[in-house]
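This report concerns only the one structure given below.
The values are calculated or read from the model by the stated rules, or taken from the named source; none is laboratory data. Note that the coordinates shown come from a computational prediction; the quantities given were computed from them, not determined experimentally. As a convention, Cβ positions derive from the backbone with ideal geometry for all residues, glycine included, and neighbour counts pool all protein chains shown.
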């Protein structure tokens, strides 16, 4: 079973993430930031991942450290749970609409970290969530997980819808990329390693 549990503690945050790539064995999210919890639940639900996540951070400062560090730990969990990546699809993409919004996320579990993020988020705050940290979360998860992540809002009006469509599309694209395929022989790279 492809699973990982990682705890990371700094002077700013303590974050524990348990990830199960193969079954939606339960979703329980508690970061102290309600909107972020909602986004991570949407990611796990639509990615069909088991995800248990507990974050304690310096929210009295602001939510940035908690959100970015959660991305680091989640990325590390993907990296650990995937191991050498033998037999996986490697690439995944998804378009997700949410009312007036359309988002596209494309991933390549290449072993190389890169983020392209293109979303105009006009509402600066949703509950306790600073919307500019959305890009920081995606950068943290892509760099810690060592994969390419292209997250784009093609159009839309409502900032909540834009961010939620991105998280759902991220879940769907990661589910496609981590999927095991018996037709894939070994590691899906001409280099023999990713």
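Yes or no: residue 101 closer than 23 Å to residue 30 by Cβ, in contact with a helix residue (DSSP H, G or I) (Cβ under 8 Å, 6 or more places away or on another chain) and at pLDDT 95 or above?
It is false that residue 101 is closer than 23 Å to residue 30 by Cβ, in contact with a helix residue (DSSP H, G or I) (Cβ under 8 Å, 6 or more places away or on another chain) and at pLDDT 95 or above.
Has the range 156-165 got any residue that is at negative phi, at pLDDT 95 or above, surrounded by 18 or more Cβ atoms within 10 Å (Cβ to Cβ) and out of contact with any strand residue (DSSP E or B) (no Cβ under 7 Å at 6 or more places or on another chain)? Talk me through it step by step, then tell me what you get.
The first filter runs over the range 156-165 and keeps only residues at negative phi, leaving 157-165.
Filter once more, so that each one left must be at pLDDT 95 or above: 157-165.
If we keep only those that are surrounded by 18 or more Cβ atoms within 10 Å (Cβ to Cβ) as well, we get 159-165.
If we keep only those that are out of contact with any strand residue (DSSP E or B) (no Cβ under 7 Å at 6 or more places or on another chain) as well, we get 163.
For the range 156-165, residues at negative phi, at pLDDT 95 or above, surrounded by 18 or more Cβ atoms within 10 Å (Cβ to Cβ) and out of contact with any strand residue (DSSP E or B) (no Cβ under 7 Å at 6 or more places or on another chain): present.
If you scan the range 136-155, which residues turn out to be within 15 Å of residue 116 (Cα to Cα) and touching a strand residue (DSSP E or B) at 6+ places or on another chain (Cβ under 7 Å)?
138, 139, 142, 147, 148, 149, 150, 151, 152, 153, 154
Give the number of residues within the range 4-30 that are part of a loop (DSSP other than H, G, I, E, B), free of Cβ contacts under 8 Å to residues at least 40 places away in the same chain and more than 23 Å from residue 64 (Cβ to Cβ).
5
Please go through the range 37-49 and give me each residue that is surrounded by 18 or more Cβ atoms within 10 Å (Cβ to Cβ) and out of contact with any helix residue (DSSP H, G or I) (no Cβ under 6 Å at 6 or more places or on another chain), ordered by number.
If the condition is that a residue be surrounded by 18 or more Cβ atoms within 10 Å (Cβ to Cβ) and out of contact with any helix residue (DSSP H, G or I) (no Cβ under 6 Å at 6 or more places or on another chain), then 37, 38, 40, 44, 49 are the ones that fit.
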